[in-house]
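Working notes, structure below.
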Amino acid sequence: MPPRPPRFAVPEAPAPRTPRPWGWWALAVALAAGLTLQLMLADRARLATDPGWRPRLESLCGLLGCDLPAWHEPGAFRVTSREVRRHPQDNRALLISTSFRNDARWAQPWPVMEVALHDIDGNALGLRRFQPHEYLGSPPATGLIAPGQSASATLEILDPGQRAVAFTFDFH
């Protein structure tokens, strides 16, 4: 048997390569991000109604080319002025003039305006809902009313008589 060379002269076998754990972590993070993105896009209609999520979804949809439903917050419409008077040409009718503003943070569809007349006890004597084309006089130029935008309306309604002492506006 030939003599063995000294240990320092024998080339060492390469150490077995251990897999790096960062590869699996990167894959897990990528899959989690993809799942989160997919869930956000699938549920974007509901998330778009949340003021905290809406800016994020607008940015995301701007990048991905998706669309969001219009913001809908009827409680953000504020009546800024209102007046009820007798109709100048028909004594059986009332003329209601009002102005309102969209105080929401985003544009939203033109609301349906509800006008209710009440008696002294607060009971409704009459109620009518007006579509945007009815209270604006023609269809709006755009389907959305911008944040801070105001609009004026003049409505003609039948006079419910002396029992009507108050009126209210509501938006839907």
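Read-outs: derived from the displayed coordinates by stated rules, not from any lab. Model, not experiment: these values are computed from the prediction. All Cβ positions, glycine included, derive from the backbone under ideal geometry; neighbour counts span all protein chains shown.
Among HIS133, HIS72, which comes first, second and so on when ranked by fewest other beta-carbon atoms within 10 Å?
In order of increasing Cβ crowding within 10 Å: HIS133, HIS72.
For HIS87, what residues show an amide H to amide H distance below 5 Å, using hydrogens built from the backbone and excluding near sequence neighbours?
ALA93, LEU94, LEU95
Kirkwood Rh, the chain, all Cα pairs: how many Å?
21.7 Å
Based on the Cβ-Cβ distance of ARG128 and ASP43, what FRET efficiency does E = 1/(1 + (r/R0)^6) give at R0 = 35 Å, to the nearest 0.05?
Computed FRET efficiency for ARG128 and ASP43 comes out at 0.45.
Per 0.36 nm of contour for each residue apart, how much would the distance between ILE120 and ARG92 grow if the chain were fully extended, relative to their Cα-Cα spacing?
Between ILE120 and ARG92, full extension yields an extra 8.0 nm.
What is the magnitude of the charge dipole of region 74-171 about its Cα centre, with +1 placed on the Cβ of each Lys and Arg, -1 on the Cβ of each Asp and Glu, and no other charges, expressed in debye to the nearest 20?
My answer is approximately 180 debye.
What angle do you read, to the nearest 10 degrees and between 0 and 90, between the alpha-carbon axis of helix 21-42 and the longest principal axis of the chain?
Around 20 degrees separate the two axes.
Taking other Cβ within 10 Å of each residue's Cβ, how do PHE167, PHE77 sort, fewest first?
Arranged by neighbour count, lowest to highest, PHE167, PHE77 become PHE167, PHE77.
I need VAL79, VAL84, VAL29 ordered by Cβ neighbour count within 10 Å, fewest first.
In increasing order of surrounding Cβ atoms, one gets VAL29, VAL79, VAL84.
With charges set only on the Cβ (+1 for Lys and Arg, -1 for Asp and Glu), what does the dipole of the chain come to about its Cα centre, in debye to the nearest 20?
About 1060 debye.
Go through region 144-150 residue by residue and turn each phi into a ³J(HN,Hα) via Karplus (6.51, -1.76, 1.60, θ = phi - 60°); whole Hz please, and just put x for glycine and proline.
Computed from phi, the couplings for region 144-150 are 10, 9, 6, x, x, 6, 10 Hz.
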